[in-house]
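S.K.: Okay, handing you the structure first.
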Amino acid sequence: MTHDPAPDLHITENPAWVFLHPEGIYTTRVRLIGSTILHFSIEADRPVTLELFEKELLLKVLHDSGLDNDRKFYVIWNLDLVRDFSHSYKKGIAEILLNTKPNLPLAVFYNIRPELQVTVDTLQAIMPDYIHLATAETRDEAVRTVTSFLTGAISAPEPPEDPLTLSKNCFLAATARIGWLSLYNQPIYVPYKNHPASAYLAALEDLQKDLEEKKNAHRKQLAAALRKKQDLLNARNRLLDLQEEKKVQLKKQADDERQHMQKTIAAKSKEIERAASAVGEKRGQIRDLYAQVSHSGIPDAMRKKLLATCEHLIETELNEKKIDLVLTSNDSRFLTRLQEKHPDLNKRELKICLMIKLSFDTRDIATTLGISRRGMESIRYRMHKKIGLNRHQSIKNYLNSIMETSE
């Protein structure tokens, strides 16, 4: 707590009553003079433009000082280091004055720089009727103005009656509403035709109408853009829904096909079991027949011929089992001969050799084996080397020659 030697009032300082510009350009400090006067000052190295209106600072000082319950308070403002207000700062002042309606009967600005005078005059023009704005040269004069107002030694200034001053205030208030608050539908008083300010106010009225029209056009464009954005969003959502439906349909289709395939496999498995059982019975019957012929009393020539037929049937059945193909007698003899010459060939290679001999092309063989064409070509190349053929020999010609040699 310090004592102010000019007016006999105490000055209260609080470290929290400070606003520091984010970039450190200036500091706004508030002190309480007496119990109801708020003293605003700017601390900076050089004249600055105020950029961010200190609304939160004002509300905090009012709260801390017990002035926030609709109690009257007064403001004095040292503007010696203020060269201008930013647009957002002007808007902040205008909004708090017009929207929150503070219980502020009087504000006094002092040390006003010449370049700021028009802004101060504009603020004065836009002030509500219950708030009065005065100016002073020094802080002491500003404090005395407030204390005189409090004691009734001076009263609120009367509204000007001079037509030119009235027109000036009307013009400034209109520019503030248009420029600071973007209000384009407020009436502008235009005096009689030959009045010195008539042309200026009429031009300002036209500007306000043009800006209102532009604002409405912008709103329509914005609304159209928002509708278009919403339409695109709706279309995207519909596409996503369709994709999800398609996904569900494909999943159901895959599930149905899987179930059908499982049923088909189960049915084929049963057929294979039945076929294997029939083959087993057939093999048993052939072996029984072979045993009966061996011990029968039929002539030797006939017995040998019958036994050879039974052996050939048994051999054919064994070859069919190996390569999972139905074989003719010639096919069976070919496989037997091939195994005798190349016992290291596996079941798949035997099957491939038979299909090559029977003139199946590479694609058909690959499809039968369930492999790619490239994979089949790789297997065929390895078989070529395994059989012992050189690169100029045809594997098909070689396989055909096996039977010719055996004959």
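S.K.: Find the helices (runs of 4 or more DSSP H) located wholly in segment 360-407 whose residues include 2 or more that are among the aliphatic types (A, V, I, L, M) and more than 17 Å from Lys347 (Cβ to Cβ), and list them.
M.R.: Values: elements: 362-369, 373-387, 395-406.
In segment 360-407, the matching helices (runs of 4 or more DSSP H) lie at 395-406.
S.K.: Just one of (1) closer than 17 Å to Thr122 by Cα; (2) touching a helix residue (DSSP H, G or I) at 6+ places or on another chain (Cβ under 8 Å); (3) free of Cβ contacts under 8 Å to residues at least 60 places away in the same chain trips up Leu164, so point out which.
M.R.: Status for Leu164: all satisfied but (2).
S.K.: Across segment 207-247, what is the number of residues that are charged (D, E, K, R) and under 30 Å from Ala176 (Cβ atoms)? Don't jump to the end; show me each part of the working.
M.R.: To start, the set of residues in segment 207-247 that are charged (D, E, K, R) comprises 209-210, 212-215, 219-220, 227-229, 231, 236, 238, 241, 244-247.
The next check asks that each one be under 30 Å from Ala176 (Cβ atoms); those that pass are 209-210, 212-215, 219-220.
The total comes to 8.
S.K.: What do you reckon, is Val248 of a type in the set (Val, Ile, Thr), without any contact (Cβ under 8 Å) to a residue 24 or more places away in the chain and surrounded by 12 or more Cβ atoms within 10 Å (Cβ to Cβ)? Reasoning before the result, please.
M.R.: On the way: of a type in the set (Val, Ile, Thr): yes; without any contact (Cβ under 8 Å) to a residue 24 or more places away in the chain: yes; surrounded by 12 or more Cβ atoms within 10 Å (Cβ to Cβ): no.
No.
S.K.: Tell me, yes or no, whether segment 184-197 has at least one residue that is loosely packed, with under 13 Cβ neighbours inside 10 Å, within 27 Å of Ile96 (Cβ to Cβ), hydroxyl-bearing (Ser, Thr, Tyr) and within 42 Å of the chain's Cα centre (by Cα).
M.R.: no
S.K.: Yes or no: segment 126-146 includes at least one residue that is out of contact with any Phe, Trp or Tyr (no Cβ under 8 Å at 6 or more places or on another chain), hydroxyl-bearing (Ser, Thr, Tyr) and part of a helix (DSSP H, G or I).
M.R.: Yes, segment 126-146 has at least one match.
S.K.: Can you pull out the residues in segment 189-234 that are in contact with a helix residue (DSSP H, G or I) (Cβ under 9 Å, 6 or more places away or on another chain) and either among the hydroxyl-bearing types (Ser, Thr, Tyr) or at pLDDT 90 or above (or both)?
M.R.: Tyr189, Tyr192, Ser198, Tyr200
S.K.: Filter segment 165-214 down to residues that are of a type in the set (Ser, Thr, Tyr) and not in a loop (DSSP other than H, G, I, E, B), then give me how many there are.
M.R.: Step one: list which residues in segment 165-214 are of a type in the set (Ser, Thr, Tyr), which gives 165, 167, 175, 182, 184, 189, 192, 198, 200.
Add one more test, that the residue is not in a loop (DSSP other than H, G, I, E, B), and what stays is 165, 167, 175, 198, 200.
So the answer is 5.
The values are calculated or read from the model by the stated rules, or taken from the named source; none is laboratory data. All figures in this text were calculated on a predicted structure; none of them were measured in a lab. Cβ: placed from backbone, ideal geometry, glycine included. Neighbour counts: every protein chain shown.
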